[in-house]
Amino acid sequence: MPTPVKIPSRPDARPTVIKLCLGLLLAAAPVLADEVKPAPPLKRTPVERMAMPRLRATHEDVQKFRKLRATVPPLAGLHDYRCILHAHAEDSDHTGGTLPEMLAEAKKAGINAILLTDHFRPPRDFIDGRWRGLKDGVLFIPGSEIRGCLLYPEASVLDKMDKPFPELSKAVTAGDGMIFLSHVEERKDHPLEGLTGLEIYNRHWDAKKDMGSLIALAMKLTDPKQLAELEDALRLYPDELFAFQCDYPQVYVDKWDAGTKTLRLTGVAANDCHHNQVMVVKMVDEETVLLGTNVDKDEGMRKITAGSRPGIKEMTKGRKPGDILARVDVDPYHRSFWNSSTHVLAPKLDEPTLRTALKAGHAFVAHDWMCEATGFRLEAIATDGKSAGIFGDELKYSEGLKLRAQFPLACQARLLRNGVLMAESSGKDRAEFPVTESGVYRLEAWLTLDGESRPWIFANPIYVR
């Protein structure tokens with residue numbers, strides 16, 4: 001097996017995925033998960049999904065879903081808030097976005113709350129409160145990405161950032177503080193004790209394990225015909241193109257399923273958004289261009305010549321050195337926010353209430369670009385027909401207990417117990433499953449796009465002890 005791409009362990013040293021693919025060009029190989037569970041098989045490769053006919057067909061299904069989508073009444077006393085975790089702005093030299101930009105994009109995407117994850121930059125304290133609280137209707141909660149985790153303490157832990165991890169974790173989780181394991185593929189053996197939870201999806205991992213299709217995407221920028229097609233795809237099918245690599249997060253759910261057998265762990269989505277995938281082609285001379293992103297300096301960009309990409313001569317014709325020949329914005333914040341989010345069920349939108357709900361696991365992860373998942377509900381129903389709890393809750397096993405799910409759209413539902421597929425329901429917007437023994441039960445929902453089953457919703461478990 002080819003040697004996997006090595007990623008620096010320091011978060012502030014992590015290169016962009018586009019920079020990785022440009023550095024590797026045609027030499028990268030995918031990194032595979034170690035274990036496979038019975039998930040619906042992929043029908044197409046990411047490169048095949050990127051073709052215009054496939055994007056168009058996927059888009060047509062998404063439009064159909066929007067028309068069929070029904071409003072599901074909320075659970076009594078709870079609202080479904082779309083939240084973003086693992087978000088970067090103005091926090092490193094590889095972050096291209098700003099906080100005001102992030103706010104505007106959040107409003108555009110219908111986001112209710114953003115839990116920031118600043119790259120740690122001492123002596124600045126990431127929890128200084130500059131962007132904390134409601135901003136024009138969007139709730140901001142400060143946090144930091146460091147040492148492989150997302151940190152959301154209630155108060156400053158500046159004096160603990162270099163302490164041994166158990167001491168740091170204890171300081172972060174004091175009161176209603178939270179800590180989530182991040183980039184699980186890099187730390188499969190990281191202990192989960194003392195953590196609030198972990199990422200169960202991260203868009204960066206989809207890209208990192210599939211450098212081949214990222215290279216194909218990047219190389220479109222140095223051919224006029226392919227560049228025009230790419231620009232058309234982003235104009236006509238932006239969400240579908242951004243999601244062309246989105247896959248079942250096997251390595252993430254494996255870690256989650258193993259951990260929840262003995263611990264309560266909230267699963268969250270990681271956008272890992274920086275707005276740093278604005279792909280740029282800059283002219284050097286009539287036969288040479290630089291290829292990089294909006295956060296790259298010239299010396300950090302890849303030099304490509306007409307000898308390997310003949311279309312460069314056509315692109316440079318009539319232009320002068322230093323001109324920007326192409327600028328393609330792949331990842332504006334609103335597109336990342338729409339791609340995946342963590343839906344949190346809480347009575348109201350404020351920081352203490354949101355923290356309480358997240359720690360309780362009253363949340364689910366969804367790829368809302370496929371169909372907005374707001375309203376999805378999963379309850380445990382007792383023999384008297386009353387609700388005994390929702391996802392995230394822990395309850396005692398009793399005979400006659402069942403799980404009841406309701407979706408805003410008919411879909412394929414998959415029930416897993418302790419990480420093993422137990423039952424499925426297809427083509428319905430409601431599903432019921434009997435609970436015949438104790439265990440950790442979680443639900444997935446899948447939708448069919450362009451004839452291919454793709455994951456849509458991942459609900460936090462109901463723990464039946």
(request) Compute the Rg/Rh shape ratio of segment 222-278: radius of gyration over Kirkwood radius, all on alpha-carbon atoms. (result) 1.20
(message) Rg/Rh for segment 354-420 to two decimals, with Rh computed the Kirkwood way over all alpha-carbon pairs.
(response) 0.98
(request) Would you mind calculating the relative contact order of segment 295-432 from Cα pairs under 8 angstrom and at least 6 residues apart, reporting the percent as a whole number? (result) 14 percent
(message) Just to be sure I follow: if Rg is taken over the C-alpha atoms of segment 131-241 and Rh is the Kirkwood radius over the same atoms, what is Rg/Rh?
(response) 1.14
(request) Pick out, from ALA243, PHE126, PRO332, the residue whose Cα sits farthest towards the positive end of the charge dipole of the chain, with +1 on the Cβ of Lys and Arg and -1 on the Cβ of Asp and Glu. (result) ALA243
(message) Stokes-Einstein diffusion coefficient for segment 51-130 at 37 °C in a medium of 0.692 mPa s, Rh from the Kirkwood formula over Cα pairs: what value in µm²/s?
(response) 202 µm²/s
(message) Please compute one quarter of the surface area of the Cα convex hull for segment 193-310 and express it in square nanometres.
(response) 9.4 nm²
(request) Compute the relative contact order of segment 52-192 as a whole-number percentage, counting only Cα pairs closer than 8 Å that sit 6 or more residues apart in sequence. (result) 16 percent
(message) Given Cβ point charges of +1 (Lys, Arg) and -1 (Asp, Glu) and nothing else, what value in debye, to the nearest 20, does the dipole of segment 43-177 about its Cα centre take?
(response) 920 debye
(message) What is the angle, in °, between the Cα long axis of helix 224-236 and the longest principal axis of the Cα atoms in the chain? Nearest 10 is fine, range 0 to 90.
(response) 30 degrees
(request) Could you sort out which of LYS297/LYS320; LYS220/LYS255; LYS67/LYS107 sit more than 30 Å apart by Cα distance in this structure? (result) LYS220/LYS255
(request) Could you work out how far helix 99-109 tilts from the main Cα principal axis of the chain, as a 0 to 90 degree angle to the nearest 10? (result) 60 degrees
(request) Output the direction-averaged projected area (hull surface divided by four) of the convex hull of the alpha-carbon atoms of segment 253-384, in nm². (result) 13.8 nm²
(request) Report, in debye and to the nearest 20, how large the dipole of segment 140-297 comes out about its Cα centre when Lys and Arg carry +1 and Asp and Glu carry -1 on their Cβ. (result) 520 debye
(request) Report Rg (one decimal) and Dmax (nearest whole number) for the chain, counting Cα atoms only, units Å. (result) 22.4, 78
(request) Based on other C-beta atoms within 10 Å, arrange MET161, MET102 from fewest to most. (result) MET161, MET102
(message) Show me the ranking of peptides 141-151, 245-255 by mean Cβ neighbours inside 10 Å, starting with the highest.
(response) 141-151, 245-255
(request) Report, to two decimal places, the Cα Rg of segment 164-206 normalised by 2.2 N^0.38 Å (N = number of residues). (result) 1.23
(request) List the lysines whose Cα lies under 16 Å from the Cα of LYS43, skipping any in the same chain that are fewer than 8 positions away. (result) none
(message) Can you work out the Karplus-derived ³J(HN,Hα) for every residue in segment 350-361? Use 6.51 cos²θ - 1.76 cosθ + 1.60 with θ = phi - 60°, whole Hz, and x for glycine or proline.
(response) 8, 4, x, 5, 5, 4, 4, 5, 5, 5, 7, x
(message) On C-alpha positions alone, give me the angle between the axis of helix 250-260 and the longest principal axis of the chain, in degrees, nearest 10.
(response) 30 degrees
(request) Subtract the Cα-Cα distance of THR383 and LYS160 from 0.36 nm times their separation in residues, and report this length gain in nm to one decimal. (result) 75.4 nm
(message) Report the rotationally averaged projected area of segment 98-142 based on its alpha-carbon convex hull, in square nanometres.
(response) 3.0 nm²
(request) State the Cα centre-to-centre distance between segment 121-175 and segment 182-233 in whole Å. (result) 26 Å
(message) Nothing charged except the Cβ atoms of Lys and Arg (+1) and of Asp and Glu (-1): what's the magnitude of the dipole of the chain about its Cα centre? Round to the nearest 20 debye.
(response) 500 debye
(request) Please express the Cα-Cα pair-distance distribution P(r) of segment 311-465 as a list of whole percents, one per 5 Å bin, running from 0 to the bin with the greatest distance. (result) 2, 8, 15, 17, 16, 12, 8, 5, 3, 3, 4, 3, 2, 1, 1, 0
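We did not get these values from a lab; they are worked out from the coordinates using the rules stated. Note that the structure is a prediction, hence the values are computed from the model and not measured. Positions of Cβ are backbone-derived with ideal geometry, glycine not excepted, and every protein chain shown enters the neighbour counts.
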